[in-house]
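> Submitted below is the structure of interest, expressed as structure tokens.
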Amino acid sequence: MSIFVPESFHDSCLFWSEYPLNIIDKALYGRRLHGYRRRLLIIAPTALAQDPANVRIPIIDISDALAITSCDIRNTKDLREWLGDTYEQNPINPAKWTGKLVSKKDPRARFVFLVNSRDSKRLDLRLEDLVCLGSYHQVMPDYMDFLSVYGVRGSGKVAAGLRFTGFRSRLVCSEPLPGHVIVDIGRSGRRLELCYNLKSAVRMVDMPLEPEVKIDQPQELGFSIQQAAVYHRFDLKLYRSFWMMTDPGSDLRDTISHLLRNELQPSEVFLSNDDSDLSNALRFNLDIHLALVEWATEEWKWYVDRLEDRVEAITAATKVQPGHSGRPPPIHRDSMYRIQPYEDLLNQVIMILESNLEVFSSLTSFYHDVAMNKDLEDEEHATLPSVISSFSASVQEYANDTRLRIAHVRDIVKGIADWKFIVSQTIQTNANDKAEILNNTILELTERSHNEAIAMRIVTVVTLLYLPPTFVSTFFSTDIIRYQGDGGVMLESFSALAIQRWLQVSLPLMLFTCLGAWLWYSWEFRRRVRKRNAAIISRD
């Protein structure tokens, strides 16, 4: 089968390694293409696999016969063959090329999943694989910016990645560029394209439904915050679609596979006798969008409930129950620090849910604009509004649930703020009470010291007055110096033994007296310290 390929598309596929500089819509993006290329090369070392052994690209194709084919591509050569690019140099004569750049018709629907294993932050494909896919399917260069959040290092950069939200779209209903019109492979050029990202709380596989509450380990909640970047193109005339999704942990691949084998079986969707081919194809793709919206909303309730349980475990110990009398329960000084990580996580939940809401709104607005576009053909004007209206109503239900979830989280955050205010006031009150007790104690000690100082001054003065005569009287009353009269004559005698005995008795008595005074002072000082500490503790 000979396939006619426009020259611009042929050149784009031939120089696929230069994506996005090689896309057909060069004039539309202009110099911005160089910015996209530069950012792609910057993020490639951290966001994309570097080891060829780590490459894994799951693909699901739905053929014209409505058969589902799945495979895991492991290298660039196999990827090009899967797409239908067999063009390569002749190994015998390198100057000649063999094969064809385009040898296969696009399937009715193709899903490409850019997975990253849970133990790795990189996407499991190399730069060569990404630019090959981007060139063959002419993926919007805007999608490259959505890949920049992968492979980031450090908690601050991870948080910044979660703050990134975007929605890009394009609708071509008339006068498509000739390079996009490749009817032989199923491309009419009349198409809609969009890319966006959604974030979800994903439950860990090995985490029980009701894990033990560990309030000091906020990282062990049993959930991880994952985000999916989605690119979608739908041909308005030939009804073929292409999906590319970053798939954290292969959750989306499992979800899509389950849908295609159950609720969205192609044999039932595309062969419905009640609707036109356009209606069936569009409804199928809108249901994929709806599955992504559901993925972004279904687990947040359990994640928020788990955060609320942790917050309740911290705050319950300090709450006064109704009917309680007496002093309030003691407040641990580290309670404020223990609850802060959970308050940060709850604020992060609000930010993420609000960003999801913005994407939901942009998604429904885009399809509403598609239905109202004046360049649509008569069949499209008759078919699109009803299908899109049903889709918008379904998305609105998820949006309402998300708004209620945001209100719930805001109430929890407000409760934390109120609790922190009460705790801070209680801690401040306790500190003031302790300061008051300490001040009263200091005043008491100061007054007592003042009184004792007055008494000591009096004693000192009296002692100074009596000490000389007392010493003289005591000294002369001993037998050290004796005055005796003999015939009217006073005789004086001195005894060295007497003064030796006096010193032997006086000095030890002085030592024991000083030691007893020091022991009495130490006991009294410790008694006062214990009394003051007991008074402070009783006020806590």
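The values are calculated or read from the model by the stated rules, or taken from the named source; none is laboratory data. Here the structure is a predicted model, which means the values were calculated and not measured. Cβ sites come from the backbone with ideal geometry, for glycine too, and all protein chains shown count toward neighbours. For the accessible areas, the whole protein counts, side chains as well, though only heavy atoms, and no ligand, DNA or RNA atoms are used. Shrake-Rupley method; radii C 1.70, N 1.55, O 1.52, S 1.80 Å.
> Please list 276-286, 409-419 highest first by mean number of surrounding beta-carbon atoms within 10 Å per residue.
Numbers: 276-286: 19.6, 409-419: 15.1.
Per-residue Cβ counts within 10 Å, averaged per peptide and sorted highest first, yield 276-286, 409-419.
> Sorting check: for 440-450, 515-525, which peptide has the highest mean count of neighbouring beta carbons within 10 Å, and how do the rest follow?
On the way: 440-450: 11.4, 515-525: 9.8.
Final packing ranking: 440-450, 515-525.
> Let me ask something else about it. Work out, step by step, the length gained on full extension between SER389 and LYS414: first 0.36 nm times the residue separation, then minus their alpha carbon distance; give nm to one decimal.
5.3 nm
> I need the calculated FRET efficiency for the pair ASP433 and ALA455, taking r as the beta carbon distance and R₀ as 35 Å, to the nearest 0.05.
Efficiency for this residue pair is about 0.60.
> With all protein chains present, calculate the accessible area of GLU81 using a 1.4 Å probe and round the result to the nearest 10 Å².
Accessible area, nearest 10 Å²: 80 Å².
> Rounded to the nearest 0.05, what FRET efficiency do PHE421 and THR474 give with R0 = 60 Å and r taken as the Cβ-Cβ distance? Could you check? List each step's numbers first, then the result.
On the way: r = 73 Å, r/R0 = 1.22.
The value I calculate is 0.25.
> So how far apart, in nm, are the two label points at ASN90 and ASP401 if each is 7 Å from Cα heading toward Cβ?
So the two model labels end up 6.1 nm from each other.
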